[in-house]
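Peer 1: Would you mind keeping the following structure in view while I ask a few things?
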Amino acid sequence: MRSLLLRVMRVKELSILLVTVAAGIYFTATSGAFNSLDNYQTIAQYVAPWAIIAAGQVMLLICGEIDLSAGFVFTLAPFMLMQFFVNGWPLWLALLGAIVVSTLVGLVNGLIRTVLDIPSFITTLGMAFLLQGLVLIISNARPVGAPKDSWVVDVFGGTHWTEFLWAVGVVVVMQVVLSATRFGIHTQATGGNPVGAAESGISINRVKVVNFAVTSTLAGLAGILQGTRVGSYDPTNGGFTTMFFAVASAVIGGTALLGGSGTVVGAFLGALLLGIVFDGFNLTGVSANAFNVVLGAAILVAMVLNVTLIVLRKRVGSRELT
């Protein structure tokens, strides 16, 4: 029995999964419109960008870092795509160029953090405001229409469920990278015991730079997917709001803010929970202002649960050994 309990408690995503299921059951009971294909698609549209960016933020948070500029890379990437496209680049190449620009932003963040030893909070906060201004200059503070009638559009957000399918694919790939590759092990070691990791030959700075680049790349991809789905690229979209929802998804999903542990699947479930609650509030007529109260409470409860579960795992594990 004790062995079974320990195995159950080791499933990091269990608590957030149970809460997400409970939220779905509650809103199913309180709103007849909740269980419909159209509403599932609405929830998926909320969840997809948060989950994609959260997949990168999980890797950074495990390293003990954070990227506050990801929401503005989300905003910048679609406008870079349009800059390349209107200057004669094929659409697929313009998209690739926008993704490369997103990656370069992450590389710059990572190099400033590791080479100059400036905290990531300050580094990425400065980058966030820089990108915000750059987007407004490029766009003249006006939205632009997204490209149409291309296989690139169909694949990158232009058809139903495409954005959500990309989110699921990103989550699966990043979870495999985190849990089943050497780089994932190095990422966890970098955040859990940086001194020991360095002494064992792991280049912790390189690990951090790569994860900054991955986070920005995913943020750029998410921005292109959402804008293409909507059919318009808006300079006011994304920003700190999208970034904080992604970070909240990661934290609610069980990623430790102090580094060392986390789960991409948990972040996806965190994003799904937020999407269900946000959608459920709209359907039941609850004020949107109350959502921030729920979000704040969820983050606090998640942190308490994470700490409690860590303590319980250690206790049960030590008793099993004895």
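The values are calculated or read from the model by the stated rules, or taken from the named source; none is laboratory data. Because the structure is predicted, anything quoted here is derived from the model rather than measured. All Cβ positions, glycine included, derive from the backbone under ideal geometry; neighbour counts span all protein chains shown. Quick note on the areas: whole protein, heavy atoms, side chains included, nothing else; ligands and nucleic acids left out. Shrake-Rupley method; radii C 1.70, N 1.55, O 1.52, S 1.80 Å.
Peer 1: Please work out which one of (1) of a type in the set (A, V, I, L, M, F, W, C); (2) modelled with pLDDT of 90 or more; (3) open to solvent by less than 20 Å² (accessible area, probe 1.4 Å) is the condition residue 50 fails and give its number.
Peer 2: For residue 50, the exception is condition (3).
Peer 1: Which of the following residues is within 19 Å of residue 68 (Cβ to Cβ), assigned to a helix (DSSP H, G or I) and open to solvent by 20 Å² or more (accessible area, probe 1.4 Å): 242, 217?
Peer 2: Testing whether each residue is within 19 Å of residue 68 (Cβ to Cβ), assigned to a helix (DSSP H, G or I) and open to solvent by 20 Å² or more (accessible area, probe 1.4 Å) leaves just 217.
Peer 1: Return the pairs, sorted by first residue and then second, in which the second residue is open to solvent by 20 Å² or more (accessible area, probe 1.4 Å), the first residue lies in the stretch 219-242 and is over 15 Å from residue 156 (Cβ atoms), the beta carbons are less than 6 Å apart, and the residues are 6+ apart or on different chains.
Peer 2: Qualifying pairs under 6 Å: 234/143; 235/136; 235/141.
Peer 1: Give just the number: which of (1) outside any helix (DSSP H, G or I); (2) at pLDDT 90 or above does residue 254 not satisfy?
Peer 2: (2)
Peer 1: Still on this structure, I have one more. Hey, among 118, 112, 122, which residue is touching a Ser or Thr at 6+ places or on another chain (Cβ under 9 Å), of a type in the set (A, V, I, L, M) and closer than 30 Å to residue 203 by Cβ?
Peer 2: None of the others qualify; the one that does is 112.
Peer 1: Quick one: in the stretch 220-239, of everything that is open to solvent by 10 Å² or more (accessible area, probe 1.4 Å) and either among the basic types (Lys, Arg) or assigned to a helix (DSSP H, G or I) (or both), which residue is farthest from residue 179 (Cα to Cα)?
Peer 2: Restricting to residues being open to solvent by 10 Å² or more (accessible area, probe 1.4 Å) and either among the basic types (Lys, Arg) or assigned to a helix (DSSP H, G or I) (or both), the top hit is 230.
Peer 1: Just to be sure I understand the filter: pairs with C-beta atoms under 8 Å, separated by 6 or more residues or on different chains, first member in the stretch 130-155 and among the small types (Gly, Ala, Ser), second member part of a loop (DSSP other than H, G, I, E, B) and loosely packed, with under 15 Cβ neighbours inside 10 Å. Which pairs pass?
Peer 2: Filtered contacts from the stretch 130-155: 145/231; 146/231.
Peer 1: Output the number of the condition that residue 147 fails; it satisfies all remaining conditions of (1) open to solvent by 40 Å² or more (accessible area, probe 1.4 Å); (2) in a loop (DSSP other than H, G, I, E, B).
Peer 2: Unmet for residue 147, out of (1) open to solvent by 40 Å² or more (accessible area, probe 1.4 Å); (2) in a loop (DSSP other than H, G, I, E, B): (1).
Peer 1: A follow-up question, please. Testing residue 175 on (1) closer than 19 Å to residue 237 by Cα; (2) part of a helix (DSSP H, G or I), one condition comes back false. Which one is that?
Peer 2: Exception for residue 175: condition (1).
Peer 1: Pairs under 6 Å by beta carbon, first residue more than 14 Å from residue 214 (Cα to Cα) and in contact (Cβ under 8 Å) with a residue 60 or more places away in the chain in the stretch 165-177, partner surrounded by 22 or more Cβ atoms within 10 Å (Cβ to Cβ) and not hydroxyl-bearing (Ser, Thr, Tyr), six or more apart or different chains?
Peer 2: Note: pairs meeting the criteria are 166/225; 167/48; 167/51; 167/52.
Peer 1: Here are some residues: 99, 137, 122. Which one is under 19 Å from residue 237 (Cα atoms), open to solvent by 60 Å² or more (accessible area, probe 1.4 Å) and either in a helix (DSSP H, G or I) or among the polar types (S, T, N, Q) (or both)?
Peer 2: 137
Peer 1: Check the stretch 207-214 and report whether any residue there is open to solvent by 10 Å² or more (accessible area, probe 1.4 Å), touching a residue at least 12 places away in the same chain (Cβ under 8 Å), within 15 Å of residue 49 (Cα to Cα) and charged (D, E, K, R).
Peer 2: The answer is no, given that none of the residues of the stretch 207-214 is open to solvent by 10 Å² or more (accessible area, probe 1.4 Å), touching a residue at least 12 places away in the same chain (Cβ under 8 Å), within 15 Å of residue 49 (Cα to Cα) and charged (D, E, K, R).
Peer 1: I would also like to ask the following. Picking from 276, 310, which residue would you name as being part of a helix (DSSP H, G or I) and at pLDDT 90 or above?
Peer 2: Selected residue: 276, the only one of 276, 310 that is part of a helix (DSSP H, G or I) and at pLDDT 90 or above.
Peer 1: Contact list please: Cβ distance under 6 Å, first residue in the stretch 247-267 and under 23 Å from residue 195 (Cα atoms), second residue open to solvent by less than 10 Å² (accessible area, probe 1.4 Å) and among the polar types (S, T, N, Q), pairs at least six apart or on different chains.
Peer 2: Short answer, once both residue conditions are applied: 262/255.
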